[in-house]
Structure formats: structure tokens, C-alpha cells
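Participant: This is the structure I have questions about; it appears just below.
The values are calculated or read from the model by the stated rules, or taken from the named source; none is laboratory data. If you're wondering where the values come from, they're calculated on a predicted model, not measured in any experiment. Don't worry about glycine lacking a Cβ; one is built from the backbone with ideal geometry, like all the others, and counts go over all protein chains shown. Side chains are part of the model used for accessible areas, which takes the heavy atoms of the whole protein and leaves out ligands, DNA and RNA. Shrake-Rupley method; radii C 1.70, N 1.55, O 1.52, S 1.80 Å.
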Amino acid sequence: MKLTELFRQGKFVVTSENGPPKGTDVAEMLENAEAMRGRVDAVNITDQQSSVMRLGSLAACSLLKQRGIEPIFQVTCRDRNRIALQSDLLSAAVLGIENVLCLTGDYVGLGDHPDAKPVFDLDSVSLLETVRRLQNGHDLANEELKGKPSFCAGAVVAPEADPVEPQIIKMEKKVKAGAQFFQTQAVYDPRAFESFMGQVKHLNVPVMVGIVLLRSAAMARFMNRNVAGIRVPDALIEEMDKAEDRTKKGVEIAARLIREMKGMCQGVHIMAIGTEKLVPAIVDEAGL
Amino acid sequence: MLISEQKPMEEILGYLNGDRSVFLLGCDGCAQASHTGGPEEVREMQGRLEAAGKTVTGSTVLDFLCERAQVKLGLVPFAGQVAAADSVLVMSCGVGIQAAAASIDKPVHPACNTLSLGGSRGEWQGSERCMECGDCVLEWTGGICPLTACTKSLLNGQCGGAKNGKCEFQPDLRDCGWHLIYERLRKLNRLQLLRDAPINIKQYSRMQPPKEIRNTPRWSLDVRA
Ligand code: SF4
Ligand code: SF4
């Protein structure tokens, strides 16, 4: 089912994320997805996250779909030109995939194949525009399609980027290009999120706040140093530092953040990064 | 030699839409040889702009617009005319346009598309500034080229990877090009440009000019003279 349908029904939408394996053994990925069955509305399948070569998002989405778990097909512009991207979107449509998340993608130099040729023929904005044109029955060369796809197309934004203005300007462009919902980069400061939501109110588009499960104080410090758009407040780092059971603490903080921000947005996107089995606990504790 | 072509007049007038007066800046180097920004073309441009109802506050043709220091120096005698204009129209390759934009605290509009650097990178050393994309977008980006300044050559805005104004890739070595663009436009009070810029789905075919343009530095002199 398209996420747009759920937003329309006024549901607080819950999604999570799953990374395909490096290789053909999909047992663990499916187990993780299974753990989230019925607990989240849809599961994002990442597309060679952090530019690390893995099993493709399209194949993994199809596996989930066959098992009745709603996938969100993440598509990045890093590895494919407009011919391959359009073709993969058509492929996704015939495989029954209804939700796509359009991303630019990390630079190739950050991953495990730094010698690869970076593509970026399109970017997140022009990819959204591409989806729109395909849905209207034409490709980017303006050739007519025999049968057209229909997607719910989403995009991402980083509410705690500094400065945030260029991100908001780009978000506006994404809406113009057809974005129907947004997932955010991880947010740890509800006040900052509230101010961001105030600034994008005019866009009238559903926003799902991003939650990254904290696993340790060291992880929080690492993200503060190295990950764009993420700011974990000192108070939370300290909480993690002092916790006896860090897993429990991480879940508790994630659930608390969701409870605090639930009223400000239309959904939550939970990123557990390898510990997907904890997602149901977060959902329970957040009272979703 | 850097080979350029003039943009269609329609496109140039579109850029100048909100401006009543303009200063014209040409280049006596490659742009003169390409017949896109020498004294003759600047004169012609002045006529066309005046016919379109614009006031031309002045003009000059400098040697090597692609050298930022030359541009600064060369514009000193014209400071009054530049100050009197709403904007500056630059008739040169992408490097020259960027050197002008970096030297003038005014909106700078590109009048040309750069087709090939013909083996040269311009005289403004220190960085690669133009990738000969054949469809110059400097109008929308504060005179900073996103193809060379952004690691991914993104055309529709900053990606989510920038941190503290640095690029996600090699942050100790690379500024985020889109952060520079944002800062420049903010300073000029022209951020609206980022919102107004049409969604760019680049025609990369325009980066493949006929081979003779790529290979013959004296192409323009040989063919067009
Ligand atoms: S946009 Fe950049 S690459 Fe294209 S012509 Fe202008 S300066 Fe050159
Ligand atoms: S961080 Fe900035 S320069 Fe680097 S790829 Fe993203 S937008 Fe381009």
C-alpha cells in the first residue's frame, strides 16, 4: 500500500529500515524484516548505503513484497544514469513496489569501492521529477510509455543541518518536483525539530521524524563529529554514558523522543542500523 | 584556448528581467577569438540591450578575464559605472564569469556557454573552475560553478552531506560548493534565485562538442576568421 494512503487516513505512519547483505545470503535480512512484520507500516530497503556494494534494493524489496511486508524502494543517483534509473523504476512497478524514496546518494569515495566512477547523472530533485514524468506516461526523452507506473514518492531532509536554510530550499524544490512525504535525518532535539516544522509548514507535506537508535555514548560522539545533520545533545550522551544497560537505555531514549515529537509530525522513521529486532520494543515503549 | 558561444538573446534578457541598468564586461582573450565577448560583440550587445530598453551604464573589454587579479584591477577605472548598474553581464568563458562574480559585489549574469577549454584552464590559478558543460548555469548559482565546486556536480542544490561548510568527501580538503553558493547568494540578498531556478536535468550531450572544437586550440581563428 502507498504511504500516501495512510497519511490520508490520518494515521501516524511508522517505518523502519533494513540493509541488504553483502552477498546472496538473505536469511538474516529476512529474519530482521520478519521481526518488524505487523509492527511497522513499511520497511525501507537501503540502496548500497554509504556507497558500500551490496545486494540490490530492488531485489530485496521484491523479496519483502512477496512475503507481504510493505517495502520502500530507496533509489540513489550515485551508481546509475537516467537510463538505468528509469528502467529500475519501471521494474519496481511491475514487481508491485509502490513506495520509492529518491536520494542523491553518498559520494563513491566514502564506500568500499572508492575507484568506481561516480554517476550523479540525476540528483534527488531531478529523480523525483523523473518519477513524475514516468507516472504521466512519458520518459525523460519524452517517449511514450506502454503502461505507466504509479508510486508514492518520498524524499529526505536534515532538520538539524547547519545552516538549515539550503536544506529547506532544496526541500521546497523536492515538493515542487513531486515529493509526497519526507523522512528526516536523525533528530535528537525536539525543540529544534519543532522550530524546523514551523519553517516548513507552508509546504503542507507529511514529515516522518527520523530516529536513530543510540547504542553507546561513543556512537553518539562519533555521529556528532562525522555525520552531517546529526546533533546529539550532551545530556543524552551523558545518559548513555551512565546507563547500566545501554540497549535498554537506547530504546528508552528513542521511545521518549518519539513520544515528544509525535504531535509535531505525521510519522516516524526508525533506523536501528543492524539491531532491527529492537524496533518492536521501541514501538511498544513509544505507545504507537 | 577556451571556446565559448553566446547564449540566445532570449535567455540573456530573461536573466536581466529585474534589472534596468547593466554594465557590460567582455574579454580580449579567448572570448574575443571566439567572437563572443570581444570589443565588437560587446558593442553589438550594447545595441541589442538598448533596443530592449535597458540602460547600459558602461562597458569594458579586459585582457584575460580568467585572471581574477586582472579583473579587479581592470575594473578600478569603471567603479562608478559598475556601481551605477543593477548588474553586470559578462561575455566570456565560465572562468571569466566566475572571476568577475568573485570580484564584484553585484549580481553577475553569464552571457556565454563554455563549450571547451581547448587545453587551457584560464589564468585564474588554484582551482579547476569550468567543465565546459555547454549550458552555463552561473546565473542561478551566484557565479560559482556547481559542476566544479560540488564534488558530485549537483545542479539542484546542496546534498545532505555537508557539515560545517565542508563536503562529505574529504572535508579537510574540500569546501562544500553549494555552501559557497548559498553564502554568496545570501550576501547578495539573492537566495530567491535558488528557489526560482528551474529543475535542471542536464543535457550532457552538450558536453560533447564536435571533436574539432575539443582538439584545435586555434579552432575559432581557423574556422571563423
Ligand atoms: S556552468 Fe560551470 S561548467 Fe558549465 S559553462 Fe558555466 S562555468 Fe563552465
Ligand atoms: S557536501 Fe556539498 S560539495 Fe559535497 S557533494 Fe554535497 S553538495 Fe556537493
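Participant: If I ask for residues that are near ligand 2 (Cβ under 10 Å from one of its atoms) and farther than 19 Å from B:Ser103 by Cα, which ones from segment B:124-155 would you list?
Facilitator: Scanning segment B:124-155 gives B:Cys150, B:Thr151, B:Lys152, B:Ser153, B:Leu154.
Participant: Condition test on B:Lys106, is it surrounded by 24 or more Cβ atoms within 10 Å (Cβ to Cβ) and more than 10 Å from ligand 1 (Cβ to nearest atom)?
Facilitator: No, not satisfied.
Participant: Going residue by residue through segment A:84-102, is there one that turns out to be open to solvent by 10 Å² or more (accessible area, probe 1.4 Å), within 14 Å of another protein chain (Cβ to nearest Cβ) and assigned to a loop (DSSP other than H, G, I, E, B)?
Facilitator: Looking through segment A:84-102, none of the residues is open to solvent by 10 Å² or more (accessible area, probe 1.4 Å), within 14 Å of another protein chain (Cβ to nearest Cβ) and assigned to a loop (DSSP other than H, G, I, E, B).
Participant: Look through segment B:165-187, keep the residues that are among the hydrophobic types (A, V, I, L, M, F, W, C) and surrounded by 17 or more Cβ atoms within 10 Å (Cβ to Cβ), and return whichever of them is nearest to ligand 1 (Cβ to nearest atom).
Facilitator: By that ranking, first place goes to B:Ile181.
Participant: State whether the residues of segment B:77-93 include one that is open to solvent by 30 Å² or more (accessible area, probe 1.4 Å), away from ligand 2 (no atom under 16 Å from the Cβ), without any contact (Cβ under 8 Å) to a residue 40 or more places away in the chain and closer than 17 Å to B:Gly26 by Cβ.
Facilitator: Yes: segment B:77-93 contains one or more residues that are open to solvent by 30 Å² or more (accessible area, probe 1.4 Å), away from ligand 2 (no atom under 16 Å from the Cβ), without any contact (Cβ under 8 Å) to a residue 40 or more places away in the chain and closer than 17 Å to B:Gly26 by Cβ.
Participant: Separate question: Would you point out the residue of segment A:158-208, among those that are in a helix (DSSP H, G or I) and of a type in the set (S, T, N, Q), that is least open to solvent (accessible area, probe 1.4 Å)?
Facilitator: A:Gln167
Participant: Another question about this same structure. I need the full set of residues from segment B:141-158 which are within 10 Å of ligand 1 (Cβ to nearest atom), touching a residue at least 24 places away in the same chain (Cβ under 8 Å) and either within 12 Å of chain A (Cβ to nearest Cβ) or open to solvent by less than 10 Å² (accessible area, probe 1.4 Å) (or both), in order please.
Facilitator: B:Thr141, B:Gly143, B:Pro146, B:Leu155, listed by residue number.
Participant: Then there's this: Within segment A:33-42, identify whether any single residue is open to solvent by 20 Å² or more (accessible area, probe 1.4 Å), touching a Leu at 6+ places or on another chain (Cβ under 8 Å), modelled with pLDDT of 95 or more and in a helix (DSSP H, G or I), and answer yes or no.
Facilitator: No, segment A:33-42 has no match at all.
Participant: Go through (1) among the hydroxyl-bearing types (Ser, Thr, Tyr); (2) at the interface with chain B (Cβ under 10 Å from one of its Cβ atoms); (3) assigned to a loop (DSSP other than H, G, I, E, B) for A:Ser126 and report which single condition fails.
Facilitator: All conditions are met except number (3).
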